[in-house]
Amino acid sequence: MLIPVAIQTLVATEPPNPSVLVLCPANDLTVSRTRRIVPIWVGAHEAAQISAAIQHLSFKRPMTHTLMLDALATLDATVEEVQIVDVQDVTFFAHVILKHEGDIITLDARPSDAVVLALRSNAPLYMADTVFERASYPFIFKEEPTNEDELKEFEAWIQDISPDDFAQ
């Protein structure tokens, strides 16, 4: 079974450190105490391409993913969806599902490339439930105080403060 997933965040770093693409079930993008995430480590170049796709950036000259999508369009093929289908140790495997003249074509791809193609073509992104079960981690939310709580805390602090507190 496939689970629709979405990008929760992308943590881009400088080489030699890996960047992290964080995916979560698409229906969990709102704050949920039960959310689980799937981190996928990617290289700096791959993170830059994902970031550019997230931001809908275009360039004067076609990048590799744009070239691929232009070639597909010229051949009357479309990216139907992207599936993250397996994980072995820390290596994820993806498929780009194409449609051409009614035929479905499955291409093996790195998840980073597949995600960029999905973003650039507005195609849905899925993950096999078995991958999600093996590779997901709980996402822990830190309880943030409300403005009202902060105001009460500040008022209590003000009432207890004296000029001597600032003496050196």
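The values are calculated or read from the model by the stated rules, or taken from the named source; none is laboratory data. Quick caveat, the model's predicted, so the values are computed rather than measured. FYI the Cβ positions are ideal-geometry reconstructions off the backbone, even for glycines, and counts take in every protein chain you see.
Exactly one residue out of ALA47, ALA6 is of a type in the set (Gly, Ala, Ser), out of contact with any Ser or Thr (no Cβ under 6 Å at 6 or more places or on another chain) and under 23 Å from ALA135 (Cα atoms): that is ALA6. Restricted to strands (runs of 3 or more DSSP E) entirely inside the range 48-148, those with at least 3 residues that are over 20 Å from the mean Cα position of the chain (by Cα), surrounded by fewer than 19 Cβ atoms within 10 Å (Cβ to Cβ) and at pLDDT 95 or above are 103-109.
Among the candidates ILE37, ILE7, ILE3, the residue that is in contact with a Cys (Cβ under 6 Å, 6 or more places away or on another chain) and assigned to a strand (DSSP E or B) is uniquely ILE37.
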